[in-house]
Ligand SMILES: Nc1ncnc2c1ncn2[C@@H]1O[C@H](COP(=O)(O)OP(=O)(O)OP(=O)(O)O)[C@@H](O)[C@H]1O
Ligand SMILES: [Mg+2]
């Protein structure tokens, strides 16, 4: 069966290294986006809506219209994160193309297999054409399913030696190169062909 694969972009870096700014540029021009937005950043951008309940989120997920929504959850994040992942999966598979952005995955996943509907989104959503941007400051502490399925790695300056070692092992980008990155500088690896691009984010 021919599948129209989505891409999974794993974005890694310390605070203020450039992760969110990179993804903002990458999704410019996308028409339907659902962001897991616990820090309430995406929802404040021009043209974006803030959603705070699962009921509202599902209303978007069932709509064939264009939208950019940030789902802002508070308190215990695990349950709303699972609901968000399920909503994205259903929107992308049953309604129309959708892009997923997940901020700070180390808060809602662990180094074991991706939990629940996030795992479903990663394993089956990609095959059904959903593009996913998975962001964390600490991939050594976030789920391995995302890292194992990544189409691209975008590595910014890291905050810890653990993350440098872990990402170097997963990407074969040298530890010394990752350790030498300045804020806004990044290395992008294409997992499919092993090609590497080095660049600096510009505004
Ligand atoms: N539109 C913009 N114009 C100019 N500078 C910007 C813009 N957006 C972000 N920056 C700057 O770029 C740097 C990286 O910001 P960004 O929000 O991408 O960091 P981050 O890696 O997502 O950090 P965190 O993990 O804290 O979310 C910051 O110094 C920020 O002030
Ligand atoms: Mg950010």
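General remarks:
- Filtering region 122-138 to residues that are in contact (Cβ under 8 Å) with a residue 40 or more places away in the chain and more than 12 Å from ligand 1 (Cβ to nearest atom) leaves 122, 125, 126, 127, 128, 129, 130, 131, 132, 134.
- Close pairs (9 angstrom Cβ cut-off, 6 or more residues apart or separate chains): closer than 19 Å to residue 137 by Cβ in region 108-121, at pLDDT below 90 anywhere: 108/115; 109/115
- Odd one out for residue 61, checked against (1) under 19 Å from residue 131 (Cβ atoms); (2) within 16 Å of ligand 1 (Cβ to nearest atom): (2)
- Those residues of region 57-87 which are assigned to a helix (DSSP H, G or I), under 23 Å from residue 20 (Cβ atoms) and out of contact with any helix residue (DSSP H, G or I) (no Cβ under 6 Å at 6 or more places or on another chain), in sequence order: 60, 78, 80, 81, 84
- Residue count for region 169-201, restricted to those that are under 22 Å from residue 15 (Cβ atoms), touching a helix residue (DSSP H, G or I) at 6+ places or on another chain (Cβ under 9 Å) and either within 16 Å of ligand 2 (Cβ to nearest atom) or in a loop (DSSP other than H, G, I, E, B) (or both): 4.
- Flag for residue 50 being more than 15 Å from the chain's Cα centre (by Cα) and at positive phi: no
- Filter result (crowded, with 24+ Cβ neighbours inside 10 Å and assigned to a loop (DSSP other than H, G, I, E, B)) within region 104-124: 108, 109, 114
- Taken together, the criteria exclude residue 141 from residues that are over 27 Å from residue 74 (Cβ atoms) and either modelled with pLDDT under 95 or out of contact with any strand residue (DSSP E or B) (no Cβ under 9 Å at 6 or more places or on another chain) (or both).
- Residue in region 6-28 that is surrounded by fewer than 18 Cβ atoms within 10 Å (Cβ to Cβ) and either at pLDDT below 95 or part of a strand (DSSP E or B) (or both) present: no
The values are calculated or read from the model by the stated rules, or taken from the named source; none is laboratory data. These numbers were taken from a predicted model, which means no experiment stands behind them. Backbone-built Cβ (ideal geometry, glycine too); neighbour counts: all protein chains shown.
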